[in-house]
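Have a look at the structure below, then the notes.
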Amino acid sequence: MSLGKRVRSNLSYGRKLVRSGLEGAAQGRHSFLEGGPLTPFLNDAARRACKQATIGACIGLLSSYLGRRHKPTNRALAYGAVGGIIGFGAGLTWRTHGLATSIGQGAAKKLNDVRDERWLEKHPITYA
């Protein structure tokens, strides 16, 4: 097989992998949300993650005052903001991990199907 043919074959295979992965991810999302829209799910997850953001902000504020007695207010606010961001990120991640798992499993299944098909093309099974 010439180099040009091999490159075209690999590019075609790569495009097929990308398409199948995106299709599998969409199917995983659709099955998790049971056909419902994504936006309300994410809005609800973000609203519920605000509790963890508040806890993170409080921990950040408190940690800025532990140790030394007089810390600048700007530093305390920065610690509180960082704690809030970390708390919100952790809460949102926790609330959406089921969706992420479903998307990943759907994409993996479709990718494996394409990989198996490619392997069978390259290694045909002959039954005698």
The residue that is farthest from Leu22 (Cα to Cα), considering only those in segment 78-127 that are free of Cβ contacts under 8 Å to residues at least 40 places away in the same chain, surrounded by 13 or more Cβ atoms within 10 Å (Cβ to Cβ) and β-branched (Val, Ile, Thr), is Val82
Given the conditions (1) part of a helix (DSSP H, G or I); (2) closer than 21 Å to Gly104 by Cβ, every one holds for Ser9 apart from (2)
Val114 fails exactly one of (1) among the hydrophobic types (A, V, I, L, M, F, W, C); (2) assigned to a helix (DSSP H, G or I); (3) over 22 Å from Gln27 (Cβ atoms), namely (3)
Counting only residues that are surrounded by 10 or more Cβ atoms within 10 Å (Cβ to Cβ) and free of Cβ contacts under 8 Å to residues at least 40 places away in the same chain, segment 1-43 contains a total of 16
Only unsatisfied item for Met1, checking (1) assigned to a helix (DSSP H, G or I); (2) modelled with pLDDT under 95, is (1)
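The values are calculated or read from the model by the stated rules, or taken from the named source; none is laboratory data. Keep in mind the model is a prediction, meaning the values are calculated, not measured. Don't worry about glycine lacking a Cβ; one is built from the backbone with ideal geometry, like all the others, and counts go over all protein chains shown.
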